[in-house]
Amino acid sequence: MAPRNEERLQETCQRLAELKVSAFGVSEWIDAAHALSYVNDPIEIWRMQCVLWRTDKADATMIRGLSQIGDEAAQAVLAEVAAFPDPERSKWAVFALERLRSKAR
């Protein structure tokens, strides 16, 4: 495994986030969402948050990525999404938060 390269990580995630928001083809944005959700690095929480605010495509994938990181910042974003008026988006975030809290016990 190569050492963590923060600059490369940020550049890659920026491209994925932009593709996720602007892609026209379903397979493109699903692939970008999956790749972004697998980053599992706290540095990318804000980018996942931006994607969640800009589009509702593949919410479950972004929420899963945040729950994999699971730190306080990721949980704060999940709590914000849980408060969204859209019941589907809210449901995914509530479920992720409950799983994280049950693991912490």
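The values are calculated or read from the model by the stated rules, or taken from the named source; none is laboratory data. Note that the structure is a prediction, hence the values are computed from the model and not measured. For neighbour counting, all protein chains shown are included, and Cβ atoms are generated from backbone atoms with ideal geometry for every residue, glycine included.
Exactly one condition in (1) in contact with a Leu (Cβ under 9 Å, 6 or more places away or on another chain); (2) at pLDDT 85 or above is not met by GLU28; state its number.
(2)
Report the residue count in segment 61-96 for those that are under 12 Å from the mean Cα position of the chain (by Cα) and part of a loop (DSSP other than H, G, I, E, B).
Summing the residues that are under 12 Å from the mean Cα position of the chain (by Cα) and part of a loop (DSSP other than H, G, I, E, B) in segment 61-96 gives 1.
Would segment 37-60 turn up any residue that is crowded, with 20+ Cβ neighbours inside 10 Å, part of a helix (DSSP H, G or I), of a type in the set (Phe, Trp, Tyr) and under 14 Å from the mean Cα position of the chain (by Cα)?
The answer is no; no qualifying residue exists.
Hey, can you tell me all the residues within segment 63-80 that are in contact (Cβ under 8 Å) with a residue 24 or more places away in the chain and either touching a His at 6+ places or on another chain (Cβ under 6 Å) or charged (D, E, K, R) (or both)?
Kept after step one, since they are in contact (Cβ under 8 Å) with a residue 24 or more places away in the chain, are these residues of segment 63-80: 63-71, 73-75, 77, 80.
Within segment 63-80, ARG64, ASP71, GLU80 qualify.
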